[in-house]
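These notes are about the structure you will find just below.
The values are calculated or read from the model by the stated rules, or taken from the named source; none is laboratory data. Just so we're clear, the structure is a prediction, and the values are computed from it rather than from any experiment. A quick note on method: Cβ atoms are made from the backbone with ideal geometry, for glycine too, and the neighbour counts reach across all protein chains shown. Side chains included, ligands, DNA and RNA excluded: accessible areas come from the protein's heavy atoms. Shrake-Rupley method; radii C 1.70, N 1.55, O 1.52, S 1.80 Å.
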Amino acid sequence: MEPIAKEATRDALRTYIWPSDRDEDLTLGIRLEDEYGIFELYFSGERPEDAIVLTEARVNRITGEVSVKVFLPKKPEADGPSG
């Protein structure tokens with residue numbers, strides 16, 4: 001499941017602005033929930049409640065289907081032309 005989540009997250013992040021100032025705090029959290037593996041990339045904090053979640057990938061353990069949520073601002077060019 002982790003390779004599926006990693007590839008889908010990488011693809012999803014292409015249209016978002018990645019914060020580059022805290023890479024040393026970057027953490028991967030993994031948990032299982034029913035038929036899903038949930039993979040969160042987050043910046044850890046001094047306390048768990050200080051963590052900032054950047055992405056969440058949910059991989060179905062049976063089908064391999066994946067969905068990714070990104071909690072970052074989109075790149076301006078990702079919105080397309082305005083007007």
First measure r as the distance between the Cβ atoms of Ile30 and Leu72, then evaluate 1/(1 + (r/R0)^6) with R0 = 22 Å and state the FRET efficiency to the nearest 0.05.
0.65
May I ask you to give the percent of accessible area on the chain that is carbon plus sulfur, with a probe radius of 1.4 Å?
50 percent
FRET efficiency for Tyr16 and Ala51, using Cβ-Cβ distance with R0 set to 25 Å, rounded to 0.05:
0.85
If each K or R counts +1 and each D or E counts -1, the residues other than Gly45 whose Cβ falls under 14 Å of its Cβ total -4
Could you check the spin-label model distance between Asp23 and Lys6? Points 7 Å from the Cα along Cα→Cβ, value in nm.
1.7 nm
Relative contact order as a percentage, the chain, C-alpha pairs under 8 Å and 6+ apart, gives 31 percent
Identify, among Val59, Leu41, Ser20, the residue whose Cα sits farthest towards the positive end of the charge dipole of region 18-65, taking +1 on the Cβ of Lys and Arg and -1 on the Cβ of Asp and Glu, with the dipole about the Cα centre.
Val59
Where Arg61, Arg14, Arg31 fall by accessible area, highest first, once all protein chains stay in place (1.4 Å)
Arg14, Arg61, Arg31
Vicinal HN-Hα couplings computed from phi for region 44-61 (Karplus, 6.51 cos²θ - 1.76 cosθ + 1.60; Hz; Gly/Pro x)
6, x, 5, 10, x, 6, 8, 5, 10, 6, 9, 9, 9, 10, 10, 10, 6, 5
For the chain, count the residues as N, evaluate 2.2 N^0.38 Å, and divide the Cα radius of gyration by that value, please.
1.20
